[in-house]
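Any read-out appearing in this document is the output of simple, stated calculations on the displayed coordinates, not a laboratory observation. Quantities reported herein were computed from a predicted structural model and do not represent experimental measurements. Glycine also receives a Cβ, built like all others from the backbone with ideal geometry; neighbour counts cover every protein chain displayed.
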Amino acid sequence: MNFKLIHIAACCILLIAVSGCKTSSHVAKNSGDKSDTKLTTTQKVGIDRAFMEGQRAKAIEDYDEAQKKFQEVITMDPKNAAAHFELALMLYNGNKFDEALTESETAVKLAPTNKWYLEQLAAIHMKKNNAKEAISDYTQLIKVSPNDPDNYFDLAYLYMQTNQIDQAIKTYDLFEKNYGLEESIVLQKERLYLKQNKFDLAVVEVQKLIDAYPGEVQYMGMLAELYSLNNKKDKANEIYQKILEIEPDNAQALIATADINAAKGDSTARFESMKKIFANPKVNIDTKIKMLYPYVQYYELKKDKMQDAFDLAKILVETHPGQAKAYAIQGDLYYIDKKDSLALPAYLKALDLQKEVFTVWQQVMLIYNAARDWEKLDKLTTSAMELFPNQAIIYLFKGGAQFQLKQYEKSVKTFTKAEKMAADNPQLKAQIYSNLGDAYHSLNNDGASDSAYEHSLKLDPENAYVLNNYSYYLSLRKTNLQRAKQMSAYANKLDPDNDSFMDTYAWILFQLGEFTEAKVFQDRAVLKNPGNPTLLEHYGDILIQMGEKDKAVEYWRKAKDLGSDSKTIDSKIAALKYVE
């Protein structure tokens, strides 16, 4: 039998039952109601008429009239239990709980064996948090109606709420005596015994199910889990092995034995168990993904075990070849381990199976962007826009691809669309303005470029990339050099090891004629990246201004040999002087 466990938690359930019963003077009489027997025939007729009018008013939801009629009955016959009961119901529904309690207590006093009256009284006591009184009501209900299983559940619940655990267990025992073994009751008693730290008695409860249903692996698993949770791993493992003898592919047993082996430090045995789990098509794929996800979430702690993760992911996609999420988690594992060339085909397979997962599209965009594969990124973002037309980040990536392909006008239009979609994301919006600044600069639209950079810094004043680019472009135009110096200095403070930022700051100092300090920063930049022709040429520019002609030419020649595309490098070498 499958009875509901807890009913008392929603007191209105009891009232629904109450309101559905046929509460008439006839019912009250058959239920032991003590109506006044000294009433005349005329009085009884008047009482019956008023009661029926109250019932009719209640049926059409005219509760004020119904309450008035039931009160008339009580005035004529104070011992009419059914009228007190109905009036209590009206008052309860009107949230007049104190008055409802008085009427309900009267109804029960007049008809102490009426189960409906007792249930109503219990409901009101529960509403008023009178647990002690409600316990008394349900105790009486069980005596009056011993064949109603709900009363046992409700009474046990009340005992648990008042921390009378022993009484709750006794109530469940009484249920079992009357109704026999019931799984939900056994599990509830198990929890109660564990709450009392009576582990052995909890085991006895679960064992009852195993004895009643021998070979039922579900119950065996419950007992094994109980042993495991109480640090009795060996006992748990014995049961799990028995389960695997019955069901070799039992997911719970395989996962549990893997965890037990891990706790013992037997990583080989654990991994073998894991492989069986991942190769088992009956084990839910989401369960397997949850087992892989920690390799992504805690990569720094698990990176020496990534090969295990890769092997399991391979088994996963082989076992679930039609599931996009299998390839997606495989891609995530490769991506977090900086194996983009392996992550990419996994992500593309996931998209081939299911195109609606935006995060996978985003991962592919990141890989193409990192690989500087601008044509594929441009094509991919076009496809993504068809599915996700309002995702600003797609337009950010597409604008970036167009910019790198020197399609500057197109990139401006794309970034502008992205900006309109990113209103609720200040960080993303700052990045879009930054890219707009770069695009407008490439179009020689200095005013629009400066404005875009200013908007970006207003949203994200510590974006070192924007601080560097903006200040560098100002220095090229020899415009607002003090502001450029301030921004470049801050960029170097934010990212002190960036040779490009050092070069920008040195170049601004060069434009300001502060050659000695410029040389200090350019020294550091060249030391950091000695193969960059731009840095070497700028170093030569600084040296020539400091009178170190031979050394300047040496660095200019190095820059040229490394493939400098400077339009003035040859003129500088030939003239032995700085040429703008």
Discussion item. Which lysines, if any, have their Cα less than 23 Å from the Cα of K577, not counting same-chain residues under 8 positions apart?
Written reply: K478, K519, K549, K551, K558, K560, K567
Fill in: Dipole magnitude of the chain about its Cα centre (Cβ charges: Lys, Arg +1; Asp, Glu -1), debye to nearest 20
360 debye
Worksheet item: Can you list the aspartates and glutamates whose alpha carbon is less than 13 Å from that of K493, not counting same-chain residues fewer than 8 positions off?
Response: E462
Discussion item. Need the list of lysines near K413 for cross-linking: C-alpha distance under 19 angstrom, and skip anything on the same chain fewer than eight residues off.
Written reply: K379, K398, K429
Practice prompt. Could you tell me which of rounded, prolate or oblate describes region 196-278, using a ≥ b ≥ c as the square roots of the eigenvalues of the alpha-carbon gyration tensor, with rounded for a/c under 1.5 and, failing that, prolate when a/b is larger than b/c and oblate otherwise?
Written response: oblate
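Cβ neighbours within 10 Å, averaged per peptide: list 325-338, 421-434 in order, most packed at the top. Could the numbers behind the result be given before it?
Details: 325-338: 21.9, 421-434: 18.4.
The most tightly packed comes first, giving 325-338, 421-434.
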Worksheet, complete the sentence: Charge dipole of region 77-191 built from unit charges on the beta carbon (Lys, Arg +1; Asp, Glu -1), centred at mean Cα; most positive-end Cα among N130, Y157, N147 is N130
Item to complete: For a footprinting-style exposure proxy, rank E580, E318 by other Cβ within 10 Å, fewest first.
Response: E580, E318
Worksheet item: In whole angstrom, how far apart do the alpha carbon centroids of region 377-416 and region 191-216 sit?
Response: 62 Å
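Please list 53-60, 235-242 highest first by mean number of surrounding beta-carbon atoms within 10 Å per residue. Spell out each step's value before the answer.
Numbers: 53-60: 16.4, 235-242: 18.2.
In descending order of packing, they fall as 235-242, 53-60.
For region 238-320, just say rounded, prolate or oblate: build the C-alpha gyration tensor, square-root its eigenvalues into a ≥ b ≥ c, call rounded for a/c under 1.5, and beyond that prolate if a/b exceeds b/c, oblate if not.
oblate
Please compute the alpha carbon radius of gyration of the chain, then divide it by the globular-protein estimate 2.2 N^0.38 Å. Two decimals is fine.
Numbers: Rg = 40.5 Å, N = 580, 2.2 N^0.38 = 24.7 Å.
Rg over 2.2 N^0.38 Å, computed on Cα atoms: 1.64.
Determine, for each peptide in 500-508, 461-469, the mean count of other beta carbons within 10 angstrom over its residues, then list the peptides with the highest first. If you can, show how the numbers build up before the last one.
Numbers: 500-508: 25.8, 461-469: 20.3.
The peptides rank, most packed first, as 500-508, 461-469.
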Item to complete: Give, as ranges by residue number, the residues of region 80-118 whose backbone N falls under 17 Å from the point 7 Å along Cα→Cβ of N129.
Response: 97-98
Worksheet entry | For the chain, with +1 on Lys and Arg beta carbons and -1 on Asp and Glu, the positive-most of L527, A384, T75 along the dipole | L527
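Can you compute the charge dipole magnitude of region 206-329 about its Cα centre, using +1 on each Lys and Arg Cβ and -1 on each Asp and Glu Cβ, nothing else charged? Give it in debye, rounded to the nearest 20.
On the way: 17 positive and 17 negative charges, 57 e Å.
Using only the charged Cβ atoms, the result is roughly 280 debye.
Calculate, in nm to one decimal, what T416 and E65 gain on full extension: separation in residues at 0.36 nm each, minus their alpha carbon distance.
Details: separation 351, 0.36 × 351 = 126.36 nm, distance 6.74 nm.
Answer, rounded to one decimal: 119.6 nm.
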Worksheet item: Seen from all sides and averaged, what is the projected area of the convex hull of the Cα atoms in region 351-460, in nm²?
Response: 6.5 nm²
Worksheet item: Which shape class, rounded, prolate or oblate, goes with region 284-354 when its Cα gyration tensor gives a ≥ b ≥ c as root eigenvalues, a/c under 1.5 marks rounded, and past that a/b bigger than b/c marks prolate?
Response: oblate
Worksheet item: At what distance in angstrom do the alpha carbon centres of region 511-548 and region 230-287 lie from each other?
Response: 64 Å
Fill in: Segment S145-K478, length gained on full extension (0.36 nm per residue, minus Cα span)
110.3 nm
Discussion item. Take the residue pairs K349/K410; K96/K127; K325/K417; K282/K338 and return only those whose Cα atoms are more than 20 Å apart.
Written reply: K349/K410; K325/K417; K282/K338
Item to complete: With no solvent and one equal point scatterer per Cα, compute the Debye intensity ratio I(q)/I(0) for region 344-416 at 0.11, 0.15, 0.19 Å⁻¹ and report its log10, rounded to two decimals.
Response: -0.24, -0.44, -0.70
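Per residue of the chain, what 222 nm ellipticity follows from adding -39500 (n - 2.57) for every DSSP H run with n ≥ 4, rounded to the nearest 500? Walk me through the numbers before you get to the answer.
Values: 34 runs with 440 residues, N = 580.
The helix-only estimate for the chain comes to -24000 deg cm²/dmol at 222 nm.
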Item to complete: With unit charges on the beta carbon (Lys/Arg positive, Asp/Glu negative), name the residue among Y63, V412, A309 whose Cα is farthest towards the positive pole of the charge dipole of the chain.
Response: V412
Discussion item. So the label point goes 7 Å from the Cα of Y298 along Cα→C-beta, right? Which residues of region 244-287 then have their backbone N under 11 Å from it?
Written reply: none
